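The values are calculated or read from the model by the stated rules, or taken from the named source; none is laboratory data. Predicted model, so just to flag it, every value in this text is computed and none were measured. Methodologically, a virtual Cβ is constructed for each residue, glycine included, from the backbone with ideal geometry; neighbour enumeration extends over all protein chains shown. For accessibility, only protein heavy atoms count, side chains too; no ligands or nucleic acids. Shrake-Rupley method; radii C 1.70, N 1.55, O 1.52, S 1.80 Å.
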Amino acid sequence: MIPLRIIAAATLSSLLLSGGATGSVVKQRPERVVNLPAVDNRSGNLKVLAEGFHSAITTPFIAVLRDKDTYGALVKLENGLPTLDEDFFKSRVVIAVFLGQRNTGGYSVEITRDGESGGIRAREKAPAKGVMVPEVITYPFKMVSLEIAGTSPVVIGFNGRLNDPTQSYRLKTGAFTMSGGISGRSENFNLEGTINVIRVGRLATFTFLLKNAGETNEHLLLDCATGIVAGDGAITIHKLSSMTLIQEPNSGLRAEGRFSRHESGLNLQFISLPSMIADGYSGGGNIEALAIASASKP
């Protein structure tokens, strides 16, 4: 198996362009496709939990859920979803895709996983040309679960109209500290890159495309995680991967922060999740990001 760090570095280089003194930037409105393997490729296949053609979520949205509280916030928006307890999320992540309004029937959601790399792709399946479809407005959706090891990263590739409501933020500043291990080592480094955000109601899904500043890709965070947004813009992401920001073994991260300046700004603090791992590693840091103006739509 190719090491995770090598594959992740290659993935990042395809997503980021050299940005000179201001750091790396992401191409405007690309097809957001990331084939990132799970840490443990023996993880299970996708299991369908719910799907249909009529949802209370009427705009495009993708959720990656790793805890009961965040899943509960989704259920409040789409109350026909199954009940899942905290034990369910100890070894599984939930991925939900909502296409938003379609003016006819015949549309559906396809979520696939590459068996070799572990990459996840979500796409809209449109009715074939010339096929008779019901003349009725639909809101197709699909929700699946994936068995993963620990807090392995999950990044979803998607394109088309699922991209339309996504807002990108470029890091203005970012700093992170990792420490731990038998020797008690400590390392400080700056971060650069982008965060893509898609929102609905009190939920926001963050796609982190971050690396240590400079030419190397030693420390990376490529992960999707859905968080809860309070009325004042405060953000809580209960669980996300640390990827290679923190050396193994570690228990992953949580993040807290807020949207600012009418959502043109984003501030987040990363905090290590509690751990009982002897001689494990932990870390934390802060980032400040500014919204990137969306590219003009054709």
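Brief remarks follow.
- Condition met for Ile7 (open to solvent by less than 10 Å² (accessible area, probe 1.4 Å) and either farther than 25 Å from Ile228 by Cβ or at pLDDT 95 or above (or both)): no
- Qualifying residue in the range 264-274 (condition: at positive phi and of a type outside the set (S, T, N, Q)): no
- A residue that is of a type in the set (Phe, Trp, Tyr), open to solvent by 20 Å² or more (accessible area, probe 1.4 Å) and either modelled with pLDDT of 95 or more or over 30 Å from Asn45 (Cα atoms) (or both) occurs somewhere in the range 185-194.
- Test: residue in the range 89-102 that is over 22 Å from Asn45 (Cβ atoms), among the polar types (S, T, N, Q) and surrounded by fewer than 17 Cβ atoms within 10 Å (Cβ to Cβ): yes
- From Ala234, Ala278, Ala175, residue being open to solvent by less than 40 Å² (accessible area, probe 1.4 Å), of a type in the set (A, V, I, L, M, F, W, C), out of contact with any Ser or Thr (no Cβ under 9 Å at 6 or more places or on another chain) and more than 24 Å from Ile156 (Cβ to Cβ): Ala234
- Within the range 281-293, tally of residues that are part of a strand (DSSP E or B), more than 13 Å from Gly181 (Cα to Cα) and open to solvent by less than 30 Å² (accessible area, probe 1.4 Å): 4
- Qualifying residues in the range 115-138 (those that are out of contact with any Phe, Trp or Tyr (no Cβ under 7 Å at 6 or more places or on another chain) and buried (at least 19 other Cβ atoms within 10 Å of the Cβ)) - the one farthest from Ile62 (Cα to Cα): Gly118
Each row is one residue, and each column tells you yes or no for (1) at pLDDT 95 or above; (2) charged (D, E, K, R); (3) more than 19 Å from the chain's Cα centre (by Cα).
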position: Val26; (1), (2), (3): no, no, no
position: Leu36; (1), (2), (3): no, no, no
position: Asp40; (1), (2), (3): no, yes, no
position: Leu49; (1), (2), (3): yes, no, yes
position: Thr58; (1), (2), (3): yes, no, yes
position: Leu65; (1), (2), (3): yes, no, no
position: Leu74; (1), (2), (3): yes, no, no
position: Leu84; (1), (2), (3): yes, no, yes
position: Phe89; (1), (2), (3): yes, no, no
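- Count - residues of the range 65-75 that are surrounded by 23 or more Cβ atoms within 10 Å (Cβ to Cβ) and among the aliphatic types (A, V, I, L, M): 2
- Verdict on Met132 being out of contact with any Leu (no Cβ under 8 Å at 6 or more places or on another chain) and among the hydrophobic types (A, V, I, L, M, F, W, C): yes
- Within the range 98-119, residues that are more than 21 Å from Val64 (Cα to Cα) sit with their Cβ atoms under 7 Å from residues that are in a loop (DSSP other than H, G, I, E, B) and open to solvent by less than 10 Å² (accessible area, probe 1.4 Å), at 6+ positions apart or across chains, in these pairs: Arg102/Pro140; Tyr107/Leu99; Tyr107/Pro140.
- Residue within the range 184-197 that is farther than 25 Å from Ala149 by Cα and of a type in the set (Phe, Trp, Tyr) present: yes
- Flag if Leu209 is open to solvent by less than 20 Å² (accessible area, probe 1.4 Å), of a type outside the set (S, T, N, Q) and assigned to a loop (DSSP other than H, G, I, E, B): no
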